[in-house]
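What follows is a short report on a single structure.
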Amino acid sequence: MKKLIALILAAMFVFAVASCGNEPAQSTPTESTPAESTPEVTTPEESTPEVTEPEESTPEATDPEESTKEPEIPVIVELPEAYVDFDFRNGTITDAKGHATIENRGATVVEATVTAGGKSANLNALRIDESGSYVLCTFGEMGTEDAVKEWAEGGFAVEAFYVMGEKKGVQGIVCGTEQVNSTKMRGGWGLAENVGKPYFITATSGNAYISANTTASSSSSETELVHVVAVYDYAAKKQYLYVNGVCVNSAGETISGEFAPAGAEAFNKFCLGSDYRETAKVTETTPIDFPTPDMTMVDAKIYSSALSAEQVKAAYENALALLD
């Protein structure tokens, strides 16, 4: 009996020892489970390159700033409203602004084929095809010489887009100068050509005309429109002439003395295609001064302010756009 009991106890001891030895082995996989999940823990670390993508795109973020600097937005140059704006339509000549009265003295309004800047178009135009024909204009709101003087000394500009098919002597484009017969006093202003060379002339209180440095060095075309702008900047004591957007003398011409309007009845008058002639000097053979025998004009304006170089260039581009 004692031997049986001893065998049973020995067997229980062996079983107990075996059971204790298996428990650590069974728990080993569960203890290693965190170790096996370690790669999952590192997943965010593996995604780190994705987090750095915004940093890599930083140069792209600067592109919009660079693109706004490279294509410079063109500066829009605004022109002042014209004081007189000639309109050649429906067979008539009118001032769209209503500041000048118009008397047609033999000119016609036609549809003419014109060219400029490599473009051609059919446009409404003033046509003077006979020496002695012209258009007489009067500033209706300037009833005295003092009013004209005040207006001029506030600064003004004259624009014309035209072609003269014949070049000889002095020919008026938009012109209102006069030497009074009785007093011999000079006065007024004007755009004209001298043997084809455009020039701008004004009179001063010293009984003199100024035009030497506001005269083009070469003749205008006999077949293509030319764009001419005269600028009288009394505040700066300078006057300028621009041909096709380019100043003929960047230094301008110095204005000496005060502005002198034309005397007698000529003080507020000017002509298209000639120069004004005092009534006392009118004859049957010479009704006007400096007639133009062959001129086609598609646009003309007068501004009540001195235009800047940028504004003159804009006016030239606007004139060319008429042919588009």
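Could you look through region 243-261, keep only residues that are over 26 Å from Glu178 (Cα atoms) and exposed (fewer than 13 other Cβ atoms within 10 Å of the Cβ), and pick out the one that is modelled with the lowest pLDDT?
Among them, the one singled out is Ser250.
What residue, among those in region 194-206 that are of a type outside the set (S, T, N, Q) and over 26 Å from the mean Cα position of the chain (by Cα), is nearest to Asn244 (Cα to Cα)? Show your work before the answer.
From region 194-206, those of a type outside the set (S, T, N, Q) are 195-201, 203, 206; that's our starting set.
From the residues that got through so far, the ones that are over 26 Å from the mean Cα position of the chain (by Cα) too are 195-196, 203, 206.
On the way: Val195: 18, Gly196: 15, Ala203: 25, Gly206: 32 Å.
Filtering first and then ranking leaves Gly196.
If you scan region 263-302, which residues turn out to be open to solvent by 20 Å² or more (accessible area, probe 1.4 Å) and on the phi > 0 side of the Ramachandran plot?
Ala264, Phe290
Name, by its number, the condition in (1) under 26 Å from Glu317 (Cα atoms); (2) surrounded by fewer than 21 Cβ atoms within 10 Å (Cβ to Cβ); (3) in contact with an Asp or Glu (Cβ under 9 Å, 6 or more places away or on another chain) that does not hold for Val174.
(2)
Test Lys313 against the stated conditions and say whether it is open to solvent by 50 Å² or more (accessible area, probe 1.4 Å), among the basic types (Lys, Arg) and within 31 Å of the chain's Cα centre (by Cα).
Details: open to solvent by 50 Å² or more (accessible area, probe 1.4 Å): yes; among the basic types (Lys, Arg): yes; within 31 Å of the chain's Cα centre (by Cα): yes.
Yes; evaluated as a whole, the condition is true for this residue.
Listed residues Val163, Val114, Val158; which is within 21 Å of Gln239 (Cβ to Cβ) and not acidic (Asp, Glu)?
Only one candidate passes the filter, namely Val158.
Scan region 136-163 residue by residue and report those that are under 26 Å from the mean Cα position of the chain (by Cα), in a strand (DSSP E or B) and either within 19 Å of Ala264 (Cα to Cα) or not acidic (Asp, Glu) (or both).
Filtering region 136-163 for residues under 26 Å from the mean Cα position of the chain (by Cα) gives 151-163.
If we keep only those that are in a strand (DSSP E or B) as well, we get 156-163.
Those that are under 26 Å from the mean Cα position of the chain (by Cα), in a strand (DSSP E or B) and either within 19 Å of Ala264 (Cα to Cα) or not acidic (Asp, Glu) (or both): Phe156, Ala157, Val158, Ala160, Phe161, Tyr162, Val163.
Only residues in region 72-89 that are aromatic (Phe, Trp, Tyr) count as the first member; pair them with residues that are surrounded by 10 or more Cβ atoms within 10 Å (Cβ to Cβ) and part of a loop (DSSP other than H, G, I, E, B), Cβ under 9 angstrom, at least 6 apart or cross-chain, and list the lot.
Cβ pairs passing all conditions: Tyr83/Lys97; Tyr83/His99; Tyr83/Ser304; Tyr83/Ser305; Phe86/Ala96.
Regarding region 207-226, can at least one residue be identified that is under 21 Å from the mean Cα position of the chain (by Cα) and at pLDDT 95 or above? It would help to see each step written out before you state the result.
Here is the first cut: in region 207-226, the ones under 21 Å from the mean Cα position of the chain (by Cα) are 225-226.
Imposing the further condition that a residue be at pLDDT 95 or above reduces the set to 225-226.
Looking through region 207-226, at least one residue is under 21 Å from the mean Cα position of the chain (by Cα) and at pLDDT 95 or above.
Surrounded by 15 or more Cβ atoms within 10 Å (Cβ to Cβ), touching a Cys at 6+ places or on another chain (Cβ under 6 Å) and either farther than 21 Å from Ala152 by Cβ or in contact (Cβ under 8 Å) with a residue 12 or more places away in the chain (or both): is that true of Tyr240 in this structure? First the steps, then the outcome.
Numbers: surrounded by 15 or more Cβ atoms within 10 Å (Cβ to Cβ): yes; touching a Cys at 6+ places or on another chain (Cβ under 6 Å): yes; either farther than 21 Å from Ala152 by Cβ or in contact (Cβ under 8 Å) with a residue 12 or more places away in the chain (or both): yes.
Yes: the conditions hold for Tyr240.
How many residues, within region 91-129, are small (Gly, Ala, Ser) and under 30 Å from Gly143 (Cβ atoms)? Show your work before the answer.
If we filter region 91-129 for residues that are small (Gly, Ala, Ser), which is where we start, we get 91, 96, 98, 100, 106-107, 112, 116-118, 120-121, 125.
Subsequent filtering for residues that are under 30 Å from Gly143 (Cβ atoms) retains 96, 98, 100, 106-107.
The number of residues fulfilling the criteria is 5.
Name the residue, out of Asp129, Asp146, that is open to solvent by 10 Å² or more (accessible area, probe 1.4 Å) and without any contact (Cβ under 8 Å) to a residue 12 or more places away in the chain.
Working: Asp129 fails: without any contact (Cβ under 8 Å) to a residue 12 or more places away in the chain.
One residue alone meets the criteria, Asp146.
Could you pull out the residue among Val298, Val312 that is touching a strand residue (DSSP E or B) at 6+ places or on another chain (Cβ under 8 Å), assigned to a helix (DSSP H, G or I) and not charged (D, E, K, R)? Reasoning before the result, please.
On the way: Val298 fails: assigned to a helix (DSSP H, G or I).
Just one listed residue meets the conditions, Val312.
The values are calculated or read from the model by the stated rules, or taken from the named source; none is laboratory data. Just so it is clear, the structure is predicted and the values come from calculations on it, not from any experiment. Quick reminder, even Gly has a Cβ in these numbers, built from the backbone with ideal geometry, and neighbours come from all protein chains shown. Surface accessibility is based on the protein's heavy atoms, side chains included, excluding ligands, DNA and RNA. Shrake-Rupley method; radii C 1.70, N 1.55, O 1.52, S 1.80 Å.
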